[in-house]
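One structure is given below, encoded as structure tokens.
The values are calculated or read from the model by the stated rules, or taken from the named source; none is laboratory data. This one's a predicted model, so the numbers in the text were calculated from it and none came from an experiment. Using ideal geometry, Cβ is built from the backbone for each residue, glycine included, and neighbour counts are taken over all protein chains shown. Side chains included, ligands, DNA and RNA excluded: accessible areas come from the protein's heavy atoms. Shrake-Rupley method; radii C 1.70, N 1.55, O 1.52, S 1.80 Å.
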Amino acid sequence: MAAYESFFDALGLRDWCDADKTDGPMSMAQLLAQTQGGDAGAEGPVLPFPSLDVLHEACHRIGQTRDVTEGLERGFLDIRPELKLVLDPITQPLSWMLDGALWVAEGTPWWIMIPALLLLSYLVSRSKAVTAFVAAVLVFFAVIDHYDVAMQTLAIVFVCTGLSVLFGVPIGIGMSKSNTAQRLIVPILDLLQTLPTFVYLIPLIFLFSVTESKLYGIAIILYAIVPVIRLTDLGIRLVDKDVVEAANAFGMNAWQKLSRVELPLALPNIMAGVNQTIMMSLAMVVIASLVSAPGLGVLVLRGIRNLELGVGIVAGLGIVLLAVILDRVSKAALARVDQQRGH
Amino acid sequence: MSAKVAIRNLYKIFGPRGAEMVPLVENGMDKATLLDRHGHVLGLRDINVDMAAGEITVIMGLSGSGKSTLIRHLNRLIEPTAGEILIDGQDVMRLGPAELRAMRQKRMSMVFQKFALLPHRTVQQNAEMPLSVQGHDPARTTEDAKRWLARVGLAGNEQQYPAQLSGGMQQRVGIARALTANTDIMLMDEAFSALDPLIRSDMQDLLLELQKELQKTIVFITHDLDEALKLADHLVILKDGAVVQQGEPQGILLAPADPYIEDFVSDINRARVLRVRSIMEPVDRDTFDGDVSPDSNLERLIAQSDGDTNHVYRVVEDGAVLGQVNMQTLVKALVPRVRSTDRTAAR
């Protein structure tokens with residue numbers, strides 16, 4: 001006799017339990033016990049924890065644990081067409097942007113691309129040392145024939161970081177203005193940051209085709225947008241209360257306060273958030289190569305799959321180098337902003 | 001003279017149900033009891049102050065007396081729990097958000113204890129801020145800001161950032177910013193408290209000089225009695241959120257209304273603060289040891305008399321005889337009503 005059967009008998013629920021009794025699929029424990037030649041009911045512990053599977057044995061009206069995961073899956077599949085109908089058009093521009101950026105990165109000859117990137121790093125960082133370092137790294141990639149993949153990775157990082165900032169900063173501003181918004185959004189950010197990255201790839205794979213660029217685009221943005229939101233919120237909340245009070249005392253309206261006082265004063269924090277966002281999207285690019293993102297990540301994946309040690313390590317170090325140049329350039333920009341204020 | 005700014009029966013009680021606490025406070029519940037029984041903090045209790053146009057009204061009190069809270073009610077940076085604030089007879093409490101912003105832009109400017117300048121903007125841009133907020137023509141804005149910066153002694157510093165300036169110079173930027181706003185009311189919240197004593201004295205002189213020229217209605221907050229006496233035309237003393245005494249500063253000094261104020265005034269140099277006008281008496285003789293101006297302070301008169309307490313001086317202003325000063329009266333006026341030894345014993 002299964003555990004807890006007498007419990008249901010005592011409650012007088014036996015008839016209710018056994019109504020339309022069918023033999024449901026076996027639980028994992030039963031299956032294991034059966035293959036080992038024993039009887040699940042007889043050999044179990046005296047008082048097993050009343051889990052769903054155990055209670056199911058005693059009363060068939062109670063569902064098994066597998067029903068939970070199955071229900072989740074069925075529920076998701078049920079709303080999938082509607083979800084797709086809404087999400088597909090909204091996210092389509094992301095595919096275009098990523099494909100466009102990749103087309104530019106692959107199509108532009110190196111003798112235009114490298115000087116253009118160097119000019120960009122100089123304009124952002126205003127530092128000759130940083131620009132020289134970027135030049136050395138780009139030349140290194142070209143020499144070891146990793147230039148194309150590095151450019152693909154860079155293109156993806158640029159698009160995803162740009163969109164993260166575009167959406168993240170306004171969300172951060174909204175959070176800083178309302179404690180309710182902050183209470184609601186912080187758990188979502190925690191979730192995005194701690195959920196294993198592979199886990200949120202799963203619903204995305206169900207929603208979009210793996211051949212579409214937006215699949216990995218969304219995965220990267222969801223993962224990388226968190227720091228820019230958090231630090232925008234923090235930056236605006238940390239703006240000197242006295243200065244905000246002065247802005248009020250001189251009759252600034254909400255928009256003037258935001259654009260003339262809060263955002264400029266929060267800029268160092270926001271820039272730190274952008275720096276982190278760049279780093280995180282670069283980290284995600286490797287995982288995104290599982291769902292067809294091109295770039296250095298593909299080589300890392302090949303290294304793992306085929307145990308090609310050299311290929312994996314070179315591509316891995318390539319990602320590190322990209323991370324270092326992106327970090328140095330964005331940090332130099334941050335330092336420049338700080339310096340402008342005469343500190 | 002009608003009041004430029006009038007505060008009527010103003011109450012501020014901090015806490016979620018402040019309005020319900022007003023009747024309790026009206027019936028005389030004190031700050032400690034209110035906090036103890038109802039968990040609300042009494043900020044201001046029944047404040048009534050008239051501030052005359054063109055005068056400096058100094059609100060003085062120790063920290064926690066509610067003076068910074070009070071000044072923030074004038075431009076509604078803090079909302080009162082009950083009461084009226086009239087500016088030129090108009091109730092500030094009835095203004096909608098847009099009208100309130102317009103009032104802050106055009107009628108009141110403010111100078112802050114910690115300067116509150118925009119760190120990412122130059123001195124020039126900081127001084128332009130009040131006008132650029134109003135969307136004025138940039139050429140006029142630039143010119144106005146430059147003129148006021150020069151007036152407070154910052155010509156040549158326009159392109160520097162606030163962090164490159166000393167505290168005194170930063171506060172000059174703060175004053176220039178308030179002046180550029182071209183409002184007739186200026187609120188100064190402990191404007192000089194963060195400065196070194198010497199610089200503070202310079203800034204007080206600058207303010208008095210500007211005031212002689214501009215005749216603004218200035219509300220000045222301070223915890224420093226010497227500063228209050230130097231600047232005030234009208235002095236308001238706050239304690240635990242209530243007005244203990246208000247009036248002409250010399251009068252408060254000579255006739256403190258309660259032990260708290262006596263305590264306050266006992267430590268200052270009365271000879272330097274009191275003026276001949278405050279202690280003169282009607283003329284009752286013909287011969288005098290000399291003439292003095294009614295605005296000269298007692299210190300100067302003591303120097304003039306060479307310490308001789310038998311002298312009697314004639315008070316003369318623009319050729320007219322106003323009264324006389326007996327040196328013995330002067331000496332008595334120098335002694336506070338309660339001596340510090342008595343106070344120590346009483347504690």
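Would it be correct to say that B:Leu10 is without any contact (Cβ under 8 Å) to a residue 24 or more places away in the chain and closer than 21 Å to B:Leu95 by Cα?
On the way: without any contact (Cβ under 8 Å) to a residue 24 or more places away in the chain: no; closer than 21 Å to B:Leu95 by Cα: yes.
Here the answer is no, as B:Leu10 does not meet what is asked.
Any residue in the range B:151-170 that is over 28 Å from A:Ser259 (Cα atoms) and among the aliphatic types (A, V, I, L, M)?
The answer is yes, given that some residue of the range B:151-170 is over 28 Å from A:Ser259 (Cα atoms) and among the aliphatic types (A, V, I, L, M).
Identify the residue in the range B:269-299 that is among the basic types (Lys, Arg) and touching a helix residue (DSSP H, G or I) at 6+ places or on another chain (Cβ under 7 Å) and, among all such residues, is farthest from B:Ala320 (Cα to Cα).
So the first thing to find is which residues in the range B:269-299 are among the basic types (Lys, Arg), and the list is B:270, B:272, B:275, B:277, B:285.
Filter again for touching a helix residue (DSSP H, G or I) at 6+ places or on another chain (Cβ under 7 Å), leaving B:270, B:272, B:275.
On the way: B:Arg270: 26, B:Arg272: 24, B:Arg275: 18 Å.
In this case the residue turns out to be B:Arg270.
If you take the residues of the range B:176-188 that are open to solvent by less than 10 Å² (accessible area, probe 1.4 Å) and either among the charged types (D, E, K, R) or farther than 28 Å from B:Leu86 by Cβ (or both), which of them is farthest from the other protein chains (Cβ to nearest Cβ)? Reasoning before the result, please.
As a first pass, look at the range B:176-188 and keep what is open to solvent by less than 10 Å² (accessible area, probe 1.4 Å): B:176-181, B:183, B:185-188.
Next, from what is left, pick out any that are either among the charged types (D, E, K, R) or farther than 28 Å from B:Leu86 by Cβ (or both): B:176-177.
Values: B:Ala176: 13, B:Arg177: 8 Å.
Per the stated criteria, the residue is B:Ala176.
Could you go through the range B:214-227 and let me know if any residue there is within 14 Å of another protein chain (Cβ to nearest Cβ) and either at negative phi or open to solvent by 50 Å² or more (accessible area, probe 1.4 Å) (or both). Please lay out each step first, then the result.
Residues of the range B:214-227 within 14 Å of another protein chain (Cβ to nearest Cβ): B:219, B:221.
Then keep just the ones that are either at negative phi or open to solvent by 50 Å² or more (accessible area, probe 1.4 Å) (or both); that gives B:219, B:221.
So far as the range B:214-227 goes, yes, one or more of its residues are within 14 Å of another protein chain (Cβ to nearest Cβ) and either at negative phi or open to solvent by 50 Å² or more (accessible area, probe 1.4 Å) (or both).
Do you know which residues across the range B:109-125 are among the aliphatic types (A, V, I, L, M) and either under 20 Å from the mean Cα position of the chain (by Cα) or more than 7 Å from chain A (Cβ to nearest Cβ) (or both)? Reasoning before the result, please.
Residues of the range B:109-125 among the aliphatic types (A, V, I, L, M): B:110-111, B:116-118, B:123.
Those that are among the aliphatic types (A, V, I, L, M) and either under 20 Å from the mean Cα position of the chain (by Cα) or more than 7 Å from chain A (Cβ to nearest Cβ) (or both): B:Met110, B:Val111, B:Ala116, B:Leu117, B:Val123.
Would you be able to say whether some residue in the range A:271-280 is under 18 Å from A:Gly174 (Cα atoms) and aliphatic (A, V, I, L, M)? I'd like the intermediate steps shown before the answer.
Within the range A:271-280, the first condition is being under 18 Å from A:Gly174 (Cα atoms), and the residues that meet it are A:271, A:273-274.
Next, only the ones that are aliphatic (A, V, I, L, M) stay: A:271, A:274.
Yes, the range A:271-280 contains a residue that is under 18 Å from A:Gly174 (Cα atoms) and aliphatic (A, V, I, L, M).
Can you tell me which residues in the range A:280-331 are under 14 Å from A:Thr153 (Cβ atoms), modelled with pLDDT of 90 or more, open to solvent by 20 Å² or more (accessible area, probe 1.4 Å) and in contact with a Gly (Cβ under 8 Å, 6 or more places away or on another chain)?
Correct list: A:Leu299, A:Val300, A:Gly316, A:Ile319.
Could you tell me which residue of the range A:91-124 is nearest to A:Gly162 (Cα to Cα), considering only residues that are in contact (Cβ under 8 Å) with a residue 60 or more places away in the chain and open to solvent by 30 Å² or more (accessible area, probe 1.4 Å)? Working first, answer last.
Here is the first cut: in the range A:91-124, the residues in contact (Cβ under 8 Å) with a residue 60 or more places away in the chain are A:91-92, A:94-95, A:97-99, A:102, A:121, A:124.
Right, trim to open to solvent by 30 Å² or more (accessible area, probe 1.4 Å) and you get A:92, A:97, A:99, A:124.
Details: A:Gln92: 16, A:Met97: 11, A:Asp99: 15, A:Val124: 15 Å.
My answer is A:Met97.
Can you name the condition, by its number, that B:Ala191 falls short on among (1) free of Cβ contacts under 8 Å to residues at least 60 places away in the same chain; (2) more than 12 Å from chain A (Cβ to nearest Cβ)?
Unmet for B:Ala191, out of (1) free of Cβ contacts under 8 Å to residues at least 60 places away in the same chain; (2) more than 12 Å from chain A (Cβ to nearest Cβ): (1).
Got a sec? Which helices (runs of 4 or more DSSP H) wholly within the range A:198-304 have at least 2 residues that are among the hydrophobic types (A, V, I, L, M, F, W, C) and closer than 15 Å to A:Leu94 by Cβ?
Passing ranges, in order: A:213-237, A:263-288.
Would you say A:Ile304 is more than 14 Å from chain B (Cβ to nearest Cβ), touching an Asp or Glu at 6+ places or on another chain (Cβ under 9 Å) and under 30 Å from A:Leu195 (Cβ atoms)?
no
Right, A:Pro268: of a type outside the set (S, T, N, Q), assigned by TED's automatic domain parsing to the domain that holds A:Ser125 and closer than 19 Å to A:Ala150 by Cα or not? First the steps, then the outcome.
On the way: of a type outside the set (S, T, N, Q): yes; assigned by TED's automatic domain parsing to the domain that holds A:Ser125: yes; closer than 19 Å to A:Ala150 by Cα: no.
Taking the combined requirement at face value, the residue does not satisfy it.
Would you check if B:Ala232 is open to solvent by less than 10 Å² (accessible area, probe 1.4 Å) and in contact (Cβ under 8 Å) with a residue 40 or more places away in the chain?
On the way: open to solvent by less than 10 Å² (accessible area, probe 1.4 Å): no; in contact (Cβ under 8 Å) with a residue 40 or more places away in the chain: yes.
Criteria not met by B:Ala232.
When residues of the range B:1-20 are filtered for being in contact with a Ser or Thr (Cβ under 7 Å, 6 or more places away or on another chain) and either exposed (fewer than 14 other Cβ atoms within 10 Å of the Cβ) or among the aromatic types (Phe, Trp, Tyr) (or both), how many remain? Explain how you work it out, then say what you get.
Of all residues in the range B:1-20, those in contact with a Ser or Thr (Cβ under 7 Å, 6 or more places away or on another chain) come to B:4-5, B:11-13, B:18-19.
Of the ones still in play, those that are also either exposed (fewer than 14 other Cβ atoms within 10 Å of the Cβ) or among the aromatic types (Phe, Trp, Tyr) (or both) are B:11, B:19.
So the answer is 2.
Under 8 Å by Cβ, and 6 or more places apart or on different chains, what pairs join a residue from the range A:125-146 that is under 20 Å from A:Pro294 (Cα atoms) with one that is open to solvent by 80 Å² or more (accessible area, probe 1.4 Å) and part of a helix (DSSP H, G or I)?
A:Ala142/A:Trp110
Tell me the residue from A:Leu263, A:Leu207 that is under 20 Å from A:Val337 (Cα atoms) and not aromatic (Phe, Trp, Tyr), please. Break it down into steps so the answer makes sense when it comes.
Values: A:Leu207 fails: under 20 Å from A:Val337 (Cα atoms).
It is A:Leu263.
Could you list, in sequence order, the residues of the range A:63-90 that are closer than 20 Å to A:Ser51 by Cβ and open to solvent by less than 80 Å² (accessible area, probe 1.4 Å)?
Hits for the range A:63-90 are A:Gly63, A:Gln64, A:Thr65, A:Asp67, A:Gly71.
Is there any pair with a first residue in the range A:196-211 that is open to solvent by 70 Å² or more (accessible area, probe 1.4 Å) and a second that is outside any helix (DSSP H, G or I) and not aromatic (Phe, Trp, Tyr) whose Cβ atoms are under 7 Å apart and which are 6 or more apart or on different chains, and what are they?
From the range A:196-211, the pairs are A:Thr211/A:Ser292.
Give all pairs with beta carbons closer than 9 Å in which a residue from the range B:92-107 that is more than 10 Å from every other protein chain (Cβ to nearest Cβ) and farther than 19 Å from A:Ala254 by Cβ meets a residue that is outside any helix (DSSP H, G or I) and among the aliphatic types (A, V, I, L, M); count only pairs at least 6 apart in sequence or on separate chains.
Final answer for the pair search is B:Val92/B:Ile85; B:Val92/B:Leu86; B:Met93/B:Ile85.
Does B:Pro259 satisfy the criteria of being in the same structural domain as B:Asp205 (by TED's automatic domain parsing) and either open to solvent by 10 Å² or more (accessible area, probe 1.4 Å) or touching a helix residue (DSSP H, G or I) at 6+ places or on another chain (Cβ under 7 Å) (or both)?
Working: in the same structural domain as B:Asp205 (by TED's automatic domain parsing): yes; either open to solvent by 10 Å² or more (accessible area, probe 1.4 Å) or touching a helix residue (DSSP H, G or I) at 6+ places or on another chain (Cβ under 7 Å) (or both): yes.
Considered against the rule, which asks whether it is in the same structural domain as B:Asp205 (by TED's automatic domain parsing) and either open to solvent by 10 Å² or more (accessible area, probe 1.4 Å) or touching a helix residue (DSSP H, G or I) at 6+ places or on another chain (Cβ under 7 Å) (or both), B:Pro259 comes out as yes.
Please work out if A:Asp240 is in contact (Cβ under 8 Å) with a residue 12 or more places away in the chain, closer than 30 Å to B:Met129 by Cα and open to solvent by 60 Å² or more (accessible area, probe 1.4 Å).
So A:Asp240 fits the description; yes.
Between B:Val173, B:Val133, B:Val152, which is touching a residue at least 24 places away in the same chain (Cβ under 8 Å) and within 9 Å of chain A (Cβ to nearest Cβ)? Spell out how you get there, then give the answer.
Numbers: B:Val173 fails: within 9 Å of chain A (Cβ to nearest Cβ); B:Val152 fails: within 9 Å of chain A (Cβ to nearest Cβ).
Sole residue among the options that is touching a residue at least 24 places away in the same chain (Cβ under 8 Å) and within 9 Å of chain A (Cβ to nearest Cβ): B:Val133.
Out of all the residues in the range B:71-86, which are assigned to a strand (DSSP E or B) and open to solvent by 20 Å² or more (accessible area, probe 1.4 Å)? Before you say what the answer is, go through the steps one by one.
First, the residues of the range B:71-86 that are assigned to a strand (DSSP E or B): B:82-86.
B:Ala82, B:Gly83, B:Glu84, B:Leu86, listed by residue number.
Starting from residues that are farther than 16 Å from B:Val244 by Cβ and in a loop (DSSP other than H, G, I, E, B), keep the ones in the range B:30-67 and report whichever is farthest from the chain's Cα centre (by Cα).
B:Gly39
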